[in-house]
Amino acid sequence: MSEKSNHYKVIVIGSGPAGFTAALYTARANLNPAIFEGMQPGGQLTITTEIENYPGFENGIQGPELMDIMRKQVLRFGATSFYQEVTAVDFSKRPFIIKSYDEVFTADAIIIATGASARLLGLESEKKFMGYGVSACATCDGFFFRNQKILVVGGGDTAMEEANYLTKFASEVTIIHRREEFRASKIMLDRAKNNPKIKFLMNKVVKEVIGKEEDSKKTMTGVLLEDTKDHSTQVFEAQGLFIAIGHKPNTDLFKGMLDMDETGYLKLKSGSTYTKIEGVFAAGDVADKAYRQAITAAGLGCMAAIDAERWLETQAHLHA
């Protein structure tokens, strides 16, 4: 394949709601974008079973199905999908260079929508029951745990916030923390401590998620906890386990090229999706640590597409 046929006006890196919306808008602007869908096509929503807070779906929709609909819509308008991971980028040259395994692509503008990954405990059983009792997003899944006993793992503001939110639905929420003291701010910790539905289990770690499987139906029934001091173990019964130990933006690829905060979230120019490099834009959870919802990611994807389209127009005038 010659390098010429690998040139696109716009390349979108990532395929969650931000990436697909950016591709939809750029495709409709006749920019024929290419999307690199990466290791997890559809992004974090593919591990969310039921989505009930995305406007337009009165009865809710499955995460993977929503992403599939978005993908089909994007392809209908002429975008190209590559089920490949971007392995290297070079923003120092024009057009920009993108490598995927052993193939080289070039683009006039880049939209980064690589998203974030919830930090998980790294257990096999956690993976097995993900979406079947185990979740990393209280605002996405809390609703499904009405009158049930839930565990939240973590010790920072995220854990306190998730626990407080979950008390709207759960009969009881227990925060499990591996240490005595919390990283959470005093105000968030006090709020959790003053909530009658929230209990605390200190110096404990989750060793195993326990559940049953019947006719391919999986149900979580509890967890195996280990005491960090005397290493004794206990089984704690619960129907839900929320992992709240933070998110990590998928930005390793851009280290040293783009401005990031201490966690790795991309920094954008105020009120826009511009990164510090002209022609490189970012959208969705890769740059948004405040909201992290499918709908806000989609909104940012739309903004990035409009920013990219307008920027490309100014470039065309400059070189006309």
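Tabulated data
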quantity: Among residues of the range 39-61, those that are touching a helix residue (DSSP H, G or I) at 6+ places or on another chain (Cβ under 9 Å) and either of a type in the set (G, A, S) or part of a strand (DSSP E or B) (or both), counted; calculated: 5
quantity: Residue selected from the range 245-285 under the condition of a type in the set (V, I, T) and at pLDDT 95 or above, by the criterion surrounded by the most Cβ atoms within 10 Å (Cβ to Cβ); calculated: T273
quantity: Checklist (1) over 22 Å from the mean Cα position of the chain (by Cα); (2) part of a helix (DSSP H, G or I); (3) in contact (Cβ under 8 Å) with a residue 40 or more places away in the chain applied to L24, failing item; calculated: (1)
quantity: Subset of the range 152-183 [closer than 10 Å to K197 by Cα and of a type in the set (G, A, S)]; calculated: A163, A170, S171
quantity: Boolean, L75 is of a type outside the set (D, E), surrounded by fewer than 18 Cβ atoms within 10 Å (Cβ to Cβ) and within 21 Å of K289 (Cβ to Cβ); calculated: no
quantity: Single residue of the range 156-171 satisfying the filter (surrounded by fewer than 23 Cβ atoms within 10 Å (Cβ to Cβ) and part of a loop (DSSP other than H, G, I, E, B)) that is modelled with the lowest pLDDT; calculated: G156
quantity: In the range 261-288, the residues that are free of Cβ contacts under 8 Å to residues at least 24 places away in the same chain and polar (S, T, N, Q); calculated: S270
quantity: Count - residues of the range 122-155 that are assigned to a loop (DSSP other than H, G, I, E, B) and within 20 Å of the chain's Cα centre (by Cα); calculated: 9
quantity: Long-range neighbours under 7 Å by Cβ, at least six apart or interchain, first residue in the same structural domain as G264 (by TED's automatic domain parsing) within the range 289-312, second of a type in the set (D, E) and in a helix (DSSP H, G or I); calculated: R292/D285; A297/D285
quantity: Cross-chain or 6+ apart pairs with Cβ under 6 Å, the range 75-96 first and touching a residue at least 40 places away in the same chain (Cβ under 8 Å), then of a type in the set (S, T, N, Q) and assigned to a loop (DSSP other than H, G, I, E, B); calculated: G78/N32
quantity: Count of residues meeting criterion [part of a loop (DSSP other than H, G, I, E, B), closer than 14 Å to N6 by Cβ and either touching a strand residue (DSSP E or B) at 6+ places or on another chain (Cβ under 6 Å) or aliphatic (A, V, I, L, M) (or both)] in the range 69-114; calculated: 3
quantity: Within the range 78-95, tally of residues that are among the small types (G, A, S) and exposed (fewer than 15 other Cβ atoms within 10 Å of the Cβ); calculated: 3
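The values are calculated or read from the model by the stated rules, or taken from the named source; none is laboratory data. Quantities reported herein were computed from a predicted structural model and do not represent experimental measurements. Note that each Cβ is placed from the backbone with ideal geometry, even for glycine, and that neighbours are counted across all protein chains shown.
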